[in-house]
1. Apply 1/(1 + (r/R0)^6) to the Cβ-Cβ distance of Gln426 and Leu286, taking R0 = 35 Å, and write down the FRET efficiency to the nearest 0.05.
2. Show me 71-77, 484-490 ranked by packing, highest mean number of other Cβ atoms within 10 Å first.
3. Using only Cα atoms, locate the centre of the stretch 61-95 and the centre of the stretch 497-531, then give the distance between them in Å, rounded to an integer.
4. Which of the peptides 131-140, 308-317, 588-597 is most tightly packed, and how do the rest follow, judged by the mean count of other Cβ atoms within 10 Å per residue?
5. Output wanted: per-residue J couplings in Hz (rounded whole) for the stretch 367-384, from phi through Karplus 6.51 cos²θ - 1.76 cosθ + 1.60, θ = phi - 60°, x for Gly and Pro.
6. Probe radius 1.4 Å, ligands and nucleic acids left out: which of His320, His661 has the largest accessible area, and how do the rest follow?
7. Convert 25 °C to kelvin, take the viscosity as 0.890 mPa s, use the Kirkwood radius over C-alpha pairs of the stretch 443-551 as Rh, and evaluate the Stokes-Einstein diffusion coefficient in µm²/s, rounded to a whole number.
8. Using a Förster radius of 25 Å, what is the FRET efficiency between Ala76 and Gln174 based on their Cβ-Cβ separation? Nearest 0.05, please.
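The values are calculated or read from the model by the stated rules, or taken from the named source; none is laboratory data. Predicted model only: the values in this text are computed from it and were never measured. All Cβ positions, glycine included, derive from the backbone under ideal geometry; neighbour counts span all protein chains shown. Keep in mind that these areas ignore ligands, DNA and RNA; they rest on the heavy atoms of the full protein, side chains included. Shrake-Rupley method; radii C 1.70, N 1.55, O 1.52, S 1.80 Å.
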Amino acid sequence: AAPAWAGRWRAQSGAARWPLLAALALVAACLSAQGKSSPAAQSPAADAPSALPWPSDAQLQQLRERSLPKPPCAGACVGYARAWLSARGEQIQLRLEVHAQAEAAFPLPGQGSGWRPSRVLLNGEPAPALQRDAEGLLWAVAPEGVSQWLLSSELPEAQAQVALSLPLPLRALQTELQGWQLSGLDARGLPAGALTLSRSVAESAGGKGDTSQLQGPPLVRVERVLSLGLQWQVLTRVQRLDASRAPLSVRYALLEGETVTDGAVSVADGEVRVASLTLGAQEELLVTSSLAPRTTLTLQARPEPQQLERWLLQAGGQWHVQWPLAQGATALAPVAHHAEDGRWQPQWLPWPGEQLQLAISRPEGVAGQTLTVDALLTEVRAGPEASEVTQRLALRTSLGTEHALRLPEGAQLLRVSVNGEAQPLQAVQGLLRVPLQPGLQKLELVWRQASGMGTLWRSPSAALGVQGVNDRLSLQVPGQRIALLAGGPKLGPAFLFWGVLAVLLAVALGLQRLLPEPLSRRAWLLLCLGLAPASLWCFALLAGWFVLLERRAAWAAGLNRTAHNLLQVLLLSWTLLALGALLYTLQVGLLGYPDLMVTGNGSTARELHWYSDRLLGEPTQAWVLSMPVWLYRLLMLAWAGWLALALMGWLRWAWAAFSAHGTWRAKPAQPTTPPSAPEAQA
């Protein structure tokens, strides 16, 4: 027998089976995807090939070369310049000068029997990123430029020989040996690839005698910072670099004109001496001294190899420093240049016994102005009786000075501010003196002029007495006056109305020739003068109305009924628009403000702006010709009276033109058929 669900399935209709089939298909798809993703369902043979194959070794190498390009000096970026080898008792020091065209790794001297440097310093600081390879070479990273490396080690007392290999060729070698002998040099005195240090016979036979002479002094660093500003100072830092507690004795020579102001150190024979008792348990000592300004300075490094020296120069902008001083003097090049707080700071790392000579001079000022104006903005709020003027200046000066500005005649100073801070300054006989600091200064002056804006107005401004750039002038026209014309710098407002008015007058004269009636030449000119300040569209509507009426009288006879009636509707509509234009013109003329089409440099009828790129001591001068609003409205009132009288004659002419050959043509009536006579009675 069939299961019960099969009977129910057959009983279902076709429309009811589709949701069940969709649900079963979705469940089957989920089970299939889960089976494929499970580890048990996967096998190596069933794996599909990857859509994105893993890049090959050649592609990875090409990507590595593109991401990490080699420097132009690849393979020969680093070289040994010179070395100083010191051997005293059990202490061996190798000072190495390295030149690098780019930051690169290089091998340090080593890989010899018994040579294991216990300390490696780079420019007086512990060297980073040291690594020894499988062959025993010690690798380091050389910074770009010139760097100083110091390798030191202490040998056991029983060791009689030390072999030191040089992976790179060495161009110069200096030695200081006490109790040791050096071999491995060629005929030029340069190492042939490896050096060998051997104890002398006397030292080897000495046994365990007095070893105080064989113990090397501790390693120290003397850093001298020369600060050349308004006052010259020298800051000296003496710092112990190793953990040795051997007696400390440091000496360095004073500069000519240097005076030590620190009583913690002793000065004798032009040298400062620092002993272990002075340094105490501290790791460094700071010594401050003053220096008298001089034209030459000579710095001399001590000959002791265990004393590292570093010289830094901080020269202000008022001093010019050069080296070497003269032909043949030692030209010790700085190893680094960097800027701190906007000041250039070269740095030298001298070798024992090297000398540096500096030539110092004060650059003479170039003839020219020390004060200039970066920007000037003059804002004038003109009134009918008085005006308020605000001047904002961006002044740049190279010297601290007091600058004088002359206010215009009759000006009453209201306030003065420098860099946003109000200053208690007063003008004496129109002369205002403002103190200025070196750099950029922002000055704001506000004063009142007793005179307002009249018929011919000229811009008031303070006489700056200095040249500059970016001169701007802004004028706010009072609401009681109408600006008619303006002049000043070329980049300023333009009144386009007068050019347009000239064109309209020419058009009006041409229309008078075409339409001799009903307007005379004077009537066309008066109509143009009254309508143009309000709107050009008003003049266009009224002129078109006259032209259409004149042509209507000529067209009326030849038009059919439909065209005639449409023309009449058009004339009625146009007449209403023309009357509206006249009413708008009267409203603007009697109550509003005329449109003189002012444009240019962001100017409007109420705000006028001028700009000049050069300021030659005197700010921008501008003038404005204006008239009072009441005078314009009075003229428009007279024009309105003339218009009312002229309009009566125009309307009579318009009615005659409108009604020629009939005002409206009605549809002709259909002819009617007379009724037939009744038939006679039979």
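1. E between Gln426 and Leu286, to the nearest 0.05, is 0.10.
2. By packing density, highest mean first, the sequence is 484-490, 71-77.
3. Using only Cα atoms, the two centres lie 94 Å from each other.
4. Those peptides, ordered most packed to least, come out 308-317, 588-597, 131-140.
5. 4, x, 7, 9, 10, 9, 10, 7, 7, 9, 10, 10, 10, 10, 9, 7, x, x
6. Result of the area sort, largest leading: His661, His320.
7. Answer from the Stokes-Einstein relation: 136 µm²/s.
8. 0.50
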